[in-house]
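For reference, the structure discussed in these notes is given below.
The numbers here are math on the coordinates, done by the rules we state, and not lab data. Just so it is clear, the structure is predicted and the values come from calculations on it, not from any experiment. Cβ atoms come from the backbone with ideal geometry, glycine included; neighbour counts cover every protein chain shown.
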Amino acid sequence: MRSLITTSAIATLALSLVGGSAFAAGQHHNAAASSGPENGDYYQGVFPNDGAMTAPAPAVQTRIPTASVQEPRLANILHELRSADRRIKSERSEGKLSSVAFNRLHREERNIRTEATGVAATHHGMIPLRSYARLQQDVRGLDRNIARSA
């Protein structure tokens, strides 16, 4: 009785190894074989070259690049700060700003720029809506200070 159990266990193990290796070997297609459903594979004509190990291609791209969604807020703030910096420099070159007012406005512009890039770095390049509104208010305040100081 003991040899019957041992023999059947060894036979089962051998058959499972042979069957598993045949399954793992994959499909080998003959070039002369038909690529349609008449060769026994119903889905082969629908999805050509679709083996068991290949990942399916996504039908719809669901990932939206973050650069196209949130970076325009940062770019908009930085553009407004560059134009404010140009105004500060032109007012200074025309003699409308004293050196103290120039340094104060330039420092305020640098602080807003640092805050905007810091918020964007914290949020992986994105600026949340509340922070964006606050930064825009700061830029508007800088513009008012430039006009008031000139």
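Values as computed for the structure displayed
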{"read-out": "Distance (nanometres) between label positions extended 7 Å along Cα→Cβ at Arg140 and Ser93", "value": "3.0 nm"}
{"read-out": "Cα-Cα pairs of the range 73-149 separated by more than 22 Å (percent)", "value": "24 percent"}
{"read-out": "Among 126-134, 76-84, the order from most to least packed when residues are scored by Cβ within 10 Å on average", "value": "76-84, 126-134"}
